[in-house]
Structures are given as C-alpha cells and as structure tokens.
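I have placed the structure first, in the form of structure tokens, so that the comments after it can refer back to it.
The values are calculated or read from the model by the stated rules, or taken from the named source; none is laboratory data. Please read all numbers here as calculations on a predicted model, not as lab measurements. Cβ: placed from backbone, ideal geometry, glycine included. Neighbour counts: every protein chain shown. Accessible surface is based on the protein model in full, side chains and every heavy atom, while ligands, DNA and RNA are left aside. Shrake-Rupley method; radii C 1.70, N 1.55, O 1.52, S 1.80 Å.
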Amino acid sequence: MGRITLQQAAAWCGGKIDPKYADVTFLGANNDSRTVLPGQLFLALQGVRDGHDFIPMALGKGAAAVLCSRCEGDYPAIIVDDPRKALGDIAREERKRIGMKVVGVTGSVGKSTTKEMISCVLEKKYRVKKTPVNHNNDIGMPMAILSMDEDTQVAVLEMGMNHFREIAYLASIALPDVAVIINIGTMHIEHLGSQEGILKAKLEILEGMRENGKVILNGDDQLLWNVRQTGVRATYFGLRNPDCQVRGGDVRQKDGKLYFHADSQSSSMDVALSLEGEHFVPDALAAISVGLAMEVSPEAIVDALAHFQNMAGRQEIFQKNGFTIIKDCYNAGPESMAAALNVLGSRAGRRVAVLGDMLELGMCTTAEHYRIGRIAAEKADLVLAYGPNSARVVSGALTGGMPDARARGFVDRDALIAALKQFAKPGDVILFKGSHGMHMELVLEGFLKDET
C-alpha cells in the first residue's frame with residue numbers, strides 16, 4: 001500500500017498540520033485504538049465515546065499520526081473540523097491516486113456474499129482488494145480504501161445504508177466504474193418509508209458513477225426492472241425474466257452443492273457452488289455479469305465459483321455434538337429469513353428453527369414477524385423465537401398449524417438456551433438466524449457450551 005504524507009492528506013481534506021510533521025507518513029487508517037497497527041493513521045472520531053480520549057493509547061501502539069478536531073499535545077496530527085468527513089475526503093483522493101477500477105455493490109439482502117463472489121471471480125484476472133466484514137459505511141469503506149496496495153487493479157466495495165443520502169456519500173468517495181444493485185427488499189424500511197424509498201436510496205450509487213460506467217441490476221426484481229424506464233442503461237441478470245442479458249436456469253441442489261446453468265449473449269456456462277439454497281443463484285449471476293463485463297473468461301468464472309467459500313457467519317453448515325448446525329447469524333430481514341428457512345426445510349431429520357428478531361422494519365415489524373412464523377410452521381418441526389417480537393413469530397407458527405408445544409417465544413437469552421438444550425436431540429438440524437443486533441451467535445455458543 002502507498003504511504004501518504006500528512007502534508008498530502010491535509011491538502012486533500014483541508015486540514016492543518018504542524019510543519020515539522022509535514023513529511024510524516026502513514027499506511028492505512030483505524031478508528032479503534034485497541035487494534036491500531038504501527039504506521040496507521042488513528043481516527044479520533046466522535047461516537048459513543050470521544051475518540052480523542054484514546055489518542056495516547058493509539059500513539060503508544062505505534063500509530064503514525066492522528067486525524068482529529070483538536071490536538072492536546074505534541075504529536076503528528078491533521079486537525080480538521082469534522083474528522084469523519086475528512087476521512088472520506090482523504091479516501092476519495094487516494095482512490096483517484098491509485099487509479100484502480102471500482103465495483104460498488106449494494107442491495108437489501110446478500111450484499112456481502114455478492115461482494116465476495118465478485119471478488120472471487122475478478123481475482124482470476126486482476127489484483128483485487130475488497131471491503132472487509134462490516135466495512136460498508138462512511139467509516140469502514142474509506143478505511144478499506146486507505147488499506148489498499150499501490151498495485152490494486154480492482155476494488156470491490158460493499159455499500160450499506162440506513163437512511164437517504166448515505167449511499168450517495170459513499171459513491172462520491174468510491175466513484176464506481178461498475179455499480180451492482182442485487183435487490184430491493186424491506187430491510188431499513190423503518191427509516192426509508194417504503195420499498196420505493198429503499199429503491200431511491202439504493203439508486204444513489206449511480207450519482208457517483210464514473211463516465212461510461214456500467215450498471216448491473218437484478219431483472220427479477222420488479223422495482224429494479226422498472227428502472228430501465230427512467231433512461232438508465234443497465235445489464236440485467238435474473239432467473240425468471242427471459243429478457244435479462246444474463247440468465248440463469250436449471251437450478252438443482254444435490255449432495256450439498258448448488259448447480260445451475262447461465263447464459264449470456266456471448267457465453268454459456270454450467271456452474272457448481274458449494275452452497276445450499278436457490279437464493280444464492282442471483283448473487284452468483286451478479287458476479288457472472290460483472291466478470292463478463294470486465295472480460296473475465298467464462299471458463300475462469302466457472303472455476304472461481306466452484307472454489308468459492310462464503311464468509312464466516314453466513315450460512316455455515318457443520319456438525320457438532322451430534323447436531324447439524326446452520327449458522328446464519330450475521331444479519332436478517334424477511335427475505336433472507338425466508339431463504340434460510342427454505343434451506344432448513346430441505347434437510348432430512350427433525351428441524352429446529354431458532355429465530356431472533358428482524359430489526360429496522362418499522363411499520364412492517366408486526367406483519368413480517370407473523371409471516372415468518374407462518375413460513376417456519378411449514379419448514380420446521382420446532383420453532384424457538386427470541387426477542388420482543390417473538391410472540392408474533394409464535395402466533396404465526398400456531399396459525400400455520402404448528403402444535404402449541406412446538407412453538408415458543410423468549411425474551412431472555414439464557415432461558416432460550418436452556419429450553420433449546422432441553423428440547424434438542426442428537427440428529428436434529430438447527431438453524432440459528434436473526435438480525436445482527438440480536439447476537440444469535442451467542443445463543444449458538446451457549447447451546448454448544450459443555451457444562452461439565
């Protein structure tokens with residue numbers, strides 16, 4: 001990665017420096033004093049805690065300099081009014097300086113998996129860097145850019161949001177050459193009002209597009225399909241829409257692998273993924289579309305996807321203590337929850353759904369938790385729901401025909417773990433799924449913990 005001088009960074013963000021530190025350089029950036037590495041720029045951001053309080057710790061760990069709004073000592077620092085905005089300004093200019101191509105990825109469900117698949121495909125031809133886990137906001141994405149090597153040819157950047165104009169800001173930093181929107185769901189509808197509002201927010205990615213940039217959209221999503229009527233020229237991918245330029249079909253699940261066929265105007269390929277669930281096919285079609293747009297050969301795309309491994313916490317399936325565990329704890333919305341339940345339902349044996357609340361659904365909260373309960377009644381033999389909305393999940397399951405004894409709700413994590421230990425039997429298939437804020441991984445850890 002390239003070293004940036006304080007003088008250069010200050011010019012990029014309009015900051016002030018002590019001239020004696022003008023030639024100090026840094027490599028990457030970090031806002032966590034506990035994990036800051038020698039040579040990094042420490043970001044003294046205002047969050048729950050004031051980052052300025054942790055400057056001594058960061059410098060003690062070897063931080064090269066500090067980006068801050070006030071300097072309370074003699075150390076290398078860039079002083080600005082708004083460190084968060086300054087971080088974005090520095091990252092934007094570093095992105096321009098490196099000159100790599102940027103693929104921006106957004107959508108309601110499956111962003112991270114799609115980002116990983118796209119990276120896997122593009123690595124067949126390019127030197128690729130990508131946003132790490134959770135680095136998809138106005139802090140994480142700029143930090144990811146500042147960590148990229150000088151010789152990076154393509155950056156694959158995930159862009160998340162909760163409110164309007166957040167994607168627009170990220171796009172103004174990333175300046176995408178390729179923009180991918182994989183779907184428009186209901187996550188974050190609490191802040192955006194409707195799916196049309198979510199669409200509007202996701203389309204903000206186009207505002208930062210470079211000249212002659214390429215837009216890749218899911219043609220099976222009606223809201224995204226209608227975007228073509230606004231004059232946006234896009235390449236569409238899909239399973240159901242025959243007018244898509246990249247089409248998938250012949251989807252089959254066998255022996256833990258997902259098979260499908262993909263066609264474009266110039267190629268035809270048979271794809272095998274070490275994943276379970278048809279919901280992964282659109283993610284793969286998006287990766288195929290990006291690969292073809294960036295001149296990766298069909299043979300290389302097929303080989304990349306054949307070796308693809310998903311990120312930790314996203315539908316990990318493993319055996320432990322006699323149980324088959326489906327760990328899908330990273331996040332959840334109605335669409336991904338239904339997809340995970342479909343995977344559970346395809347499994348042989350007694351099936352147990354341990355479902356945490358889905359957050360940020362606003363006015364849809366009650367109805368969506370009830371609907372997921374109805375789906376769970378069809379796919380599971382036992383439903384254990386967790387969180388303030390667990391009663392709605394249970395109500396849906398009971399209405400869906402599940403016997404009373406097989407659907408229970410909990411608001412206490414320890415009580416849920418105790419009940420699961422009581423009910424679960426070796427040979428069961430157990431799904432753990434919920435929004436990130438529900439920390440379902442802790443439920444899983446508690447369940448698997450050996451009490452002896």
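What Kirkwood hydrodynamic radius do you get for segment 310-452 when you take the inverse of the mean 1/r over all pairs of distinct Cα atoms, in Å?
With all distinct Cα pairs of segment 310-452 included, I get 14.6 Å.
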So how much slack lies between residue 196 and residue 50, counting 0.36 nm per residue of separation and subtracting their Cα-Cα distance, in nm?
48.9 nm
log10 I(q)/I(0), Debye, Cα-only segment 1-135, no solvent, q = 0.14, 0.18 Å⁻¹?
-0.70, -1.01
Quick calc: nm separation of the 7 Å Cα→Cβ label points for residue 421 and residue 254 -> 4.3
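Using mean Cβ contacts within 10 Å as the protection proxy, how do 353-363, 106-116 order, highest first?
Highest to lowest by the protection proxy: 106-116, 353-363.
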FRET efficiency for residue 439 and residue 297 from the Cβ-Cβ distance with R0 = 51 Å, rounded to 0.05, comes out at 0.75
Cα pair count fraction exceeding 23 Å, expressed as % - segment 72-213:
33
First compute the accessible area of segment 137-294 with a 1.4 Å probe, then give the percent of it belonging to carbon and sulfur atoms.
44
Would you mind computing, in nm to one decimal, how far apart the modelled labels at residue 399 and residue 27 are, each placed 7 Å from Cα along Cα→Cβ?
5.8
Considering only the chain, percent of DSSP beta bridges that pair antiparallel, nearest 5
30
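How big is the Kirkwood radius of segment 89-169, worked out from every pair of different alpha carbons and given in Å to one decimal?
Across segment 89-169, the inverse of the average 1/r is 12.8 Å.
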Given a cut-off of 17 Å, what percent of all Cα-Cα pairs of segment 1-79 lie beyond it?
37
Angle, helix 365-379 long axis vs. longest principal axis of the chain, Cα atoms, 0 to 90°, nearest 10?
50
When the Karplus curve 6.51 cos²θ - 1.76 cosθ + 1.60 is applied with θ = phi - 60°, which whole-Hz ³J(HN,Hα) does each residue of segment 429-442 get, with x for Gly and Pro?
9, 10, 9, 10, 8, x, 5, 3, x, 8, 6, 5, 4, 6
Return a whole-number percent for the relative contact order of the chain, with Cα pairs under 8 Å and 6 or more residues apart as the contact set.
11
DSSP loop GluC sites (Glu not before Pro) in segment 240-345 with at most 11 other Cβ atoms within 10 Å of their Cβ, which ones?
295
If the limit is 25 Å between Cα atoms, which of 115/327; 130/202; 200/327; 254/379; 115/200 go over it?
200/327
In nm, give the distance between the simple-model label positions of residue 5 and residue 346, each being 7 Å from the Cα along the Cα-to-Cβ direction.
5.7
Mean ellipticity per residue at 222 nm, deg cm²/dmol - from DSSP H runs of n ≥ 4 across the chain, formula -39500 (n - 2.57):
-10000 deg cm²/dmol
Using packing as a proxy for protection, rank 147-154, 371-378, 208-215 so that the peptide with the highest average count of other Cβ atoms within 10 Å comes first.
371-378, 147-154, 208-215
Return the aspartates and glutamates within reach of residue 214: Cα separation strictly under 20 angstrom, same-chain partners fewer than 8 residues apart disregarded; answer none if there are no such residues.
116, 123, 158, 177, 204, 243, 263, 283, 295
Any idea what the alpha-carbon Rg over 2.2 N^0.38 Å comes to for segment 254-318?
1.11
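Scan segment 285-333 for chymotrypsin sites (Phe, Trp or Tyr not before Pro) in coil per DSSP, keeping those whose Cβ has at most 10 other Cβ atoms within 10 Å, and list them by number.
none
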Can you quote the Å³ per residue value for the convex hull of the Cα atoms in the chain, rounded to an integer?
153
Once each part is reduced to its C-alpha centroid, what is the distance from segment 86-150 to segment 307-345 in angstrom?
25
Could you estimate the translational diffusion coefficient of segment 249-399 from the Stokes-Einstein equation, with Rh from the Kirkwood formula over C-alpha pairs, at 10 °C and 1.306 mPa s, in whole µm²/s?
93
